[in-house]
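Student: Dropping a structure here in structure tokens format, bear with me for questions.
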Amino acid sequence: MKAFCDFLRKILTPQMVWVDENQQGHWVQKKRMHPVLRALIWGGGTVIAAIFAVSCFWGAPEPDAPLPAPQEAAMKAEKGPDGPQQPVPVSTESGNVVRKPDLPDDVTPAASHKPGTLAVVPDEIRPSITRDVPAPAEKPAPKKKDSQNSLKIDPNPKKGQSEPKKDITPKLPAPPGRRKEYWIHIDKGDYTLSLYRGQNLMRTYSIAVGKNPGNKQAIGDHRTPVGNFRVVSIENASKWKHDFGDGKGKIDGAYGPWFIRLDAGGWKGIGIHGTHDPDSRGTMATEGCIRLSNEEIQDLKRYAYRNMRVVIEE
């Protein structure tokens, strides 16, 4: 490759040569193209000129040849006695007898044409030809679409009009996997947390609830609130610590890997979380939250989302 590049560079670089300009021994030094490059340019120009000359010779138009007899007769028929005539559509599909007019010898009668073709007829004999053109078939009226499932509602009814009717079209069930279909039911008496998808029970987990029974009434009363709540956030609690006041100090991983915080009717700090003490499940052991094992909170977190409905019952 390097040798080829050097060869091209040598060919394309002008060379300094000594030239006797006046043929009298007066030599001067001038730049000249490489002999190989000059040969290529000269040879290419010669080939192009030869191709151009051959194309001009073979591409010359031939003299006009006489038209065949059928084409010549057709041209005469088109011209007519007073110049070019317009074609008249003539149909013989109906079976009616078409009277043959007296036409010139070099004009083919219209009745001899094939059905659906155009015949050229002079103006003076056009009225004598009976036209029989079938009327176009009527297109069938388009079928009306069934408007049973295409009810449109005007969201802004005018004055004097009744309120818009509700859409009565039956709604299909949502596709599987939509997270907004899931909700949580907590039964404090059974120590269970149930995950539902619509009306279908999907999971049941064992939980621990507040140390004291009944609905929450005050801060620090160690009761789990009762009611209809919602999820406000899902927080990473893997590094959280908490002192349960049992003399053991702050416990690492007291809330497990996740804390699902609830909007519990004004009570702060209430949520669903994991625990460092999975054996406490099935008992009243928390300060008001709902405990799951760390494995189960990981599984529940896959279905949880903001504004998820959470129902807690006594």
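Student: What residues from region 1-17 fall in the zone where the backbone N is under 12 Å from a label point 7 Å along the Cα-to-C-beta line of Lys30?
Tutor: The answer is 17.
Student: Okay, moving on. Kindly list the residues of region 259-279 that lie in the label zone of Asn215, defined by a backbone N under 12 Å from the point 7 Å along the Cα-to-C-beta vector.
Tutor: Counting only backbone N, you get 265.
Student: Gain in length, Thr192 to Glu235, computed as 0.36 nm per residue apart minus the alpha-carbon separation, to one decimal in nm?
Tutor: Numbers: separation 43, 0.36 × 43 = 15.48 nm, distance 2.21 nm.
Result for the pair: 13.3 nm of gain on full extension.
Student: Compute, for region 179-313, the length of the dipole vector about the Cα centre, with Cβ point charges of +1 (Lys, Arg) and -1 (Asp, Glu) only. Units Debye, rounded to 20. Working shown, then result.
Tutor: Numbers: 21 positive and 16 negative charges, 102 e Å.
Using only the charged Cβ atoms, the result is roughly 480 debye.
Student: Under the classification rounded if a/c is under 1.5, otherwise prolate if a/b is larger than b/c and oblate if not, where does region 179-313 fall, given a ≥ b ≥ c as square roots of the Cα gyration tensor eigenvalues? Please list the in-between numbers first.
Tutor: Working: a/c = 1.56, a/b = 1.30, b/c = 1.20.
Since a/c reaches 1.5 and a/b is larger than b/c, the shape of region 179-313 is classed as prolate.
Where a number appears in this text, it was derived from the coordinates with a stated rule and is not lab data. These figures come from a predicted structure and were not determined experimentally. Note that we place each Cβ from the backbone using ideal geometry, even for glycine, and neighbour counts take in every protein chain shown.
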